[in-house]
Amino acid sequence: MASMREIKRRKESIQNTSQITAAMKVVSTAKLQKAKGRVEASKPYFHYMHDAVTSILAKSDNVDHPYLQSNNSKKIAVIVVSSNRGLAGGYNNNVVKLLTQGDMEKEDVFVYAVGRKGRDSLKRNGYEIKADFSEVMNEPLFSDAVDIGRAVLEAYAKGEIGKIYIAYTVFKNTITQIPTLTQLLPVAVEVGEKKADDLVLMNYEPNAEEALDKIIPKYVNSMIYGALCEALASENGARMQAMDSASNNAEEMIADLSLKYNRARQASITQELTEIVAGASAIE
């Protein structure tokens, strides 16, 4: 059995750790409320943007545009959105698994990293880091999404990559966050039952190329910014849950150590009494 001094030292250490995790939980809760409000306010826009673009392209016939033409490149650009800090449970690892346990060959993947944790994990796994935008996760702005979108779209237009994906975590609620891999380009057009409106082809003014030069980058940038907002809320939600679990575990350990300390103290007192009684008996 450990000595009373060892138990007391361990108990004090866990109490100090518990104070830190409790403080981190409070900070994450405050950040989550702010990020959650941003997600709820912006989510409808990004959903409508995706629906509008897929609807436009579904009604377009043989449109010749660099952003829509398939090229011979087998390379895939994946924008991986993770966090710059740890202590968030399995949040970062779940995003990384979308690539490491997915169907993409690592030799064909160019990683555009947003977040140091995901970047470092994928680099250790042998993935090529094409660009690093990790500082974006400190406070995501739409201008940051534009910079990321410009980088992948230029590579796509030059034929350096054939597909663009984004790997991020969808914020469902405080407890549930869903790792998601979404294809941005080529735009996946759903094929279903045709309605009367779907049979009418899209007319572009002044022409399709000029219109799509504006529409496609706006679509990509909006989807990236939406993913950044979702990821930030998911990160803080995951960290809040991780710190709450850590605090609860610390309380259980403190209670267990308190019991062990009391038992050790009682054993020490009993031993001292036994020695006193034995000494008195020996004198008699």
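Among residues of the stretch 78-101 being more than 11 Å from the chain's Cα centre (by Cα) and part of a strand (DSSP E or B), the one that is farthest from residue 23 (Cα to Cα) is 78. In the condition set (1) surrounded by 17 or more Cβ atoms within 10 Å (Cβ to Cβ); (2) among the small types (Gly, Ala, Ser); (3) more than 16 Å from residue 216 (Cβ to Cβ), residue 90 is compliant with all but (1). Within this structure, residue 2 passes the test of being loosely packed, with under 14 Cβ neighbours inside 10 Å, outside any helix (DSSP H, G or I) and touching a residue at least 60 places away in the same chain (Cβ under 8 Å).
Among the candidates 244, 213, 256, the residue that is under 30 Å from residue 157 (Cβ atoms), part of a helix (DSSP H, G or I), of a type in the set (Asp, Glu) and out of contact with any Cys (no Cβ under 7 Å at 6 or more places or on another chain) is uniquely 213.
Could you check the stretch 86-103 and list, in sequence order, the residues that are without any contact (Cβ under 8 Å) to a residue 40 or more places away in the chain and over 13 Å from residue 166 (Cα atoms)? Answer for the stretch 86-103, where residues must be without any contact (Cβ under 8 Å) to a residue 40 or more places away in the chain and over 13 Å from residue 166 (Cα atoms): 86, 92, 93, 100, 101, 103. Checking residue 112 against (1) at pLDDT 95 or above; (2) under 21 Å from residue 226 (Cβ atoms); (3) surrounded by fewer than 15 Cβ atoms within 10 Å (Cβ to Cβ), only one condition comes out false. Which one? Single failed check for residue 112: (3). Among the residues making up the stretch 83-126, a single one is polar (S, T, N, Q) and in contact with a strand residue (DSSP E or B) (Cβ under 7 Å, 6 or more places away or on another chain): 94.
Residue 126 meets the conditions (1) of a type in the set (Gly, Ala, Ser); (2) touching a residue at least 60 places away in the same chain (Cβ under 8 Å); (3) at positive phi in every case but one. The failed one is (2).
Among residues of the stretch 153-164 that are closer than 18 Å to residue 222 by Cα, those with a Cβ under 7 angstrom from a residue that is loosely packed, with under 15 Cβ neighbours inside 10 Å, sequence gap 6+ or separate chain, pair up as 163/183.
The values are calculated or read from the model by the stated rules, or taken from the named source; none is laboratory data. Keep in mind the model is a prediction, meaning the values are calculated, not measured. Here the Cβ is made from the backbone with ideal geometry for all residues, glycine too, and neighbour counts use every protein chain on show.
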